[in-house]
Amino acid sequence: MSSRNSFLHLAVVSFVLLLIAVAPATAEAADGSAPFTPEERDEIFGRTDPRRPSARATTHDEIRAVTAQEDFDAKSYVLDLSFDPTTSRVSGTVTMNATSLADGLQTVPLNLLDNMTVASVVRGAIPLTFAHAGNILDITLDQPFDTGQDFQVTIDYSGSPSASGFAALAWTKYNSSGAGQMVWSLSEPDGARNWWPCKDRPDDKAMVDEYWTVPSGWTATGNGRLIEEGTLPGGRKQYYWSSSYPLTTYLVSVAATDYVKFSQTYDPIAGGTMPIDYYVYSEDLNDAQVDFSPLPAMMRYFELTFGDYPFVDDQYGMSAFGWGGAMEHTANTSYGYLLITGTNYYDWVVAHELAHQWWGDSLSPQTWADIWLNEGFATYSEALWAEDVGGPTALLDYMNALWRASFDGPLYDPTELFGSTSYDKGGWVLHMLRGAMGDTAFFQTLRDWYVNNKDGVVNTAQFQATAEVRYGGSLNWFFQSWVYGANRPDYEYGYTSVDMGDGTFRNYLQVRQVQVDAGLFTMPIDLTLHGSAGSEVRTVWNDMLDQIFVLETTSPLTAVQFDVDNWILKAGATPFTPADLDLDGVPDQVDNCPARSNPLQSDTDGDAIGDSCDADDDNDSLADVLDCAPLDNEQGEPGEVTALVALGPAGQPTELAWDAAPRADLYDVIRGSLGSVASGPGSCHAPGQTGLSYVDAELPPVGEGFAYLIRGYDSGCGGGGTLGRDSTGELRTSPCP
């Protein structure tokens, strides 16, 4: 991680937390807009530093312990520790109160690195046996405990904590000085085990009391409220901090040096007052009073937006420490002294860490795969604060500053735990969810999310379910692509227009997704339509890789803008001209007659072949060139009557019935004698019948019979139809006119 002053690196793993290594300062604009470019943000978060060492390897015992730790619930810890800056050693006791979650529990595995020395473990006054190997302290209880039974163990230990992650525990006050002037912790994600024995995982929160013993000239800060302080023999002083709310282990904090303190009083929206205490280096006091002055207004905004400040019964505070970034320790953020400039350069960092009190500290991730619920939420909170200060333009500027050409891997279970995907893409995903849901539903979702899960552990599936309640439907289309999937859409868009001749214009808006590194992203898209009558925004639902939307306007379009307010995290949106071979204003892709102009898309018979291309516009089986009414399938030369039956007993009138002929509204009955059928159809016996039956009352002469033919007739323009062919194959000629 680079900084202004050759930052001292402390065995850093390849994680990047919300920790912000200082880059050359860029002042935040007065309107609250973003003070950084994506490249600067990468530098600030330490993502470009090639010197970051690899993460500490996980031992076989640690893997085993993950399962075994499911059998008990840590309820509270009491840390009574002494910090010796002259030797960089920690010594003291940690007492854990826990509840068994399984019958017959007798082995309790806790996380503690092997370089720390355990002197004893007791339950009350009863000594317990233990084994310490593979960075796991396995404690054997003196008796089994069944489900629901409580037990307590106290570990007496000491040692010089090794560094991992971003330090775990460090002893430097300035990045240009050596150890011994301060002690501070930074344990995310799994560095608590470096300096105290615990169930070191984010999903088991516990109450914490902290007794920090430090040199007498120092002030020690921790989590919750400072209950008391007292002088001890040997030039030492003890500070007792207690949290009224459960913490996860990575948020347990110590920061101690020769601080100076100043305070603000905050009036929570729930009533009463709450202190905001700042512990800073003496030389930074005046600058800190400037830099931290916006914090009460930030807290007020976040309370109104998210809900009551989570730790209102304790306090909020900031403790300067000897690292170049910041860490959201519960109720007491550790804040890098280099960020204190007296110019409000890093207001966005102040906002980020404050927002973590809701997102990460009160609502903690169930697993590290859910880290975006911490970092994405805190990042978007920065943008919301910018919007509150500077309005919609400031929000747009801020989101644009979080944009980058690519993000690695998915948001859930990201490739790099604390990389730009968890932070900046996470912020973008919330921004897009807001755009898809609308402000009312989105902000109520945030409040529901906080109120329903306060002081708990949460996961991504739960957040989706919470959002779906306010959205009123499934959000799988959103979460599958944006949270569980990788990359982002790359759009192309274009339009054509047709004057309909009735005062309206039909506009064809084509949207294509052309990304090759991801599948379909279903999203609502805002299209801004500009015309002589003004501008308007139309929202379309894009759920295909190549899709055309038909939008009507009262004036011809002069321009179209795609997602002008940037509600979508996209690789790009490139204009193009849709293919229109016949230049009729209808894109070939949806043109029912792409080779011939047919701007109105007339299709009389509805067969998807436009009239300009259709050889039989009315689909009556008569080619238009032979059809006297090519657009009316009820007129034209009638078809042949193909079914005729004669009924009735011999010596009685003959009853004729036939099937309807296409386009016929009348029928001619033609009759001849059986003996003359070969020479001709006979005579026009009963023309102009309106039904599909006829009774011939006349009887044939004795020894003879009648033969009948029925011809359809169109009284419109079609006239008489065909009688079919005779036995020789020749067309019959009708005797009826």
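The values are calculated or read from the model by the stated rules, or taken from the named source; none is laboratory data. All values reported here derive from a predicted model rather than from experimental measurement. Quick reminder, even Gly has a Cβ in these numbers, built from the backbone with ideal geometry, and neighbours come from all protein chains shown.
Highlighted here are the strands (runs of 3 or more DSSP E) found entirely within segment 215-299 that include at least 1 residues which are over 34 Å from the mean Cα position of the chain (by Cα) and basic (Lys, Arg): 225-232, 236-242, 260-266. Any idea which residue in segment 101-135 is surrounded by the most Cβ atoms within 10 Å (Cβ to Cβ), counting only those that are small (Gly, Ala, Ser), outside any loop (DSSP other than H, G, I, E, B) and without any contact (Cβ under 8 Å) to a residue 60 or more places away in the chain? The residue in question is 131.
Cβ-Cβ contacts under 6 Å between residues 6 or more apart (or on different chains), taken from a first residue in segment 509-523 that is under 17 Å from residue 477 (Cα atoms) to a second residue that is buried (at least 19 other Cβ atoms within 10 Å of the Cβ) and hydroxyl-bearing (Ser, Thr, Tyr), are listed as 521/481. Take residue 668 and decide whether it is of a type outside the set (Phe, Trp, Tyr) and closer than 24 Å to residue 622 by Cβ. When the stated conditions are applied, residue 668 passes them.
Every condition in (1) more than 60 Å from the chain's Cα centre (by Cα); (2) under 30 Å from residue 618 (Cβ atoms) holds for residue 703 except the one numbered (2).
Being small (Gly, Ala, Ser), outside the structural domain of residue 100 (by TED's automatic domain parsing) and in a helix (DSSP H, G or I), is that true of even one residue in segment 186-193? Checking segment 186-193: at least one residue is small (Gly, Ala, Ser), outside the structural domain of residue 100 (by TED's automatic domain parsing) and in a helix (DSSP H, G or I). In segment 352-379, the residues that are modelled with pLDDT of 95 or more form Cβ pairs under 7 Å with partners that are among the basic types (Lys, Arg) and not in a helix (DSSP H, G or I), at six or more places apart or across chains, as follows: 362/454; 364/205. Only a single criterion out of (1) under 30 Å from residue 67 (Cβ atoms); (2) in a loop (DSSP other than H, G, I, E, B); (3) in contact with a strand residue (DSSP E or B) (Cβ under 8 Å, 6 or more places away or on another chain) is not satisfied by residue 174, namely (1). Scanning segment 487-520 for residues that are among the β-branched types (Val, Ile, Thr) and surrounded by fewer than 18 Cβ atoms within 10 Å (Cβ to Cβ), we see that the one that is farthest from residue 602 (Cα to Cα) is 516. Filtered by the rule that a residue be of a type in the set (A, V, I, L, M) and more than 29 Å from residue 368 (Cα to Cα), segment 194-223 gives 214, 220. Restricting segment 308-325 to residues that are under 33 Å from the mean Cα position of the chain (by Cα) and modelled with pLDDT under 95 leaves a set whose member that is nearest to residue 386 (Cα to Cα) is 325.
None of 305, 330, 248 is within 19 Å of residue 363 (Cα to Cα), among the polar types (S, T, N, Q) and either outside the structural domain of residue 452 (by TED's automatic domain parsing) or at pLDDT below 95 (or both) except 248. Within segment 178-189, restricting attention to residues that are in contact (Cβ under 8 Å) with a residue 12 or more places away in the chain and under 20 Å from residue 218 (Cα atoms), the residue that is surrounded by the most Cβ atoms within 10 Å (Cβ to Cβ) is 183. Taking segment 141-176 as the range and being touching a residue at least 60 places away in the same chain (Cβ under 8 Å), exposed (fewer than 14 other Cβ atoms within 10 Å of the Cβ) and farther than 13 Å from residue 108 by Cβ as the test, only 176 passes.
Taking helices (runs of 4 or more DSSP H) as the structural unit, those lying wholly within segment 389-458 and holding at least 3 residues that are in contact (Cβ under 8 Å) with a residue 60 or more places away in the chain and over 17 Å from the mean Cα position of the chain (by Cα) correspond to 392-402, 439-453. Of all residues in segment 559-615, those satisfying the criterion of being of a type in the set (Asp, Glu) and crowded, with 16+ Cβ neighbours inside 10 Å are 563, 580, 582, 584, 591, 603, 611, 614. With the structure loaded, tell me whether residue 612 is more than 30 Å from residue 699 (Cα to Cα), touching a Lys or Arg at 6+ places or on another chain (Cβ under 9 Å) and part of a loop (DSSP other than H, G, I, E, B) or whether it fails that test. Yes, satisfied.
Listed here are the residues, each with its yes/no results for (1) farther than 25 Å from residue 408 by Cα; (2) outside the structural domain of residue 523 (by TED's automatic domain parsing); (3) touching a residue at least 60 places away in the same chain (Cβ under 8 Å); (4) of a type outside the set (Asp, Glu).
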position: 546; (1), (2), (3), (4): yes, no, no, no
position: 551; (1), (2), (3), (4): yes, no, no, yes
position: 557; (1), (2), (3), (4): yes, no, yes, yes
position: 562; (1), (2), (3), (4): yes, no, yes, yes
position: 566; (1), (2), (3), (4): no, no, yes, yes
position: 570; (1), (2), (3), (4): no, no, yes, yes
position: 581; (1), (2), (3), (4): yes, yes, no, yes
position: 584; (1), (2), (3), (4): yes, yes, yes, no
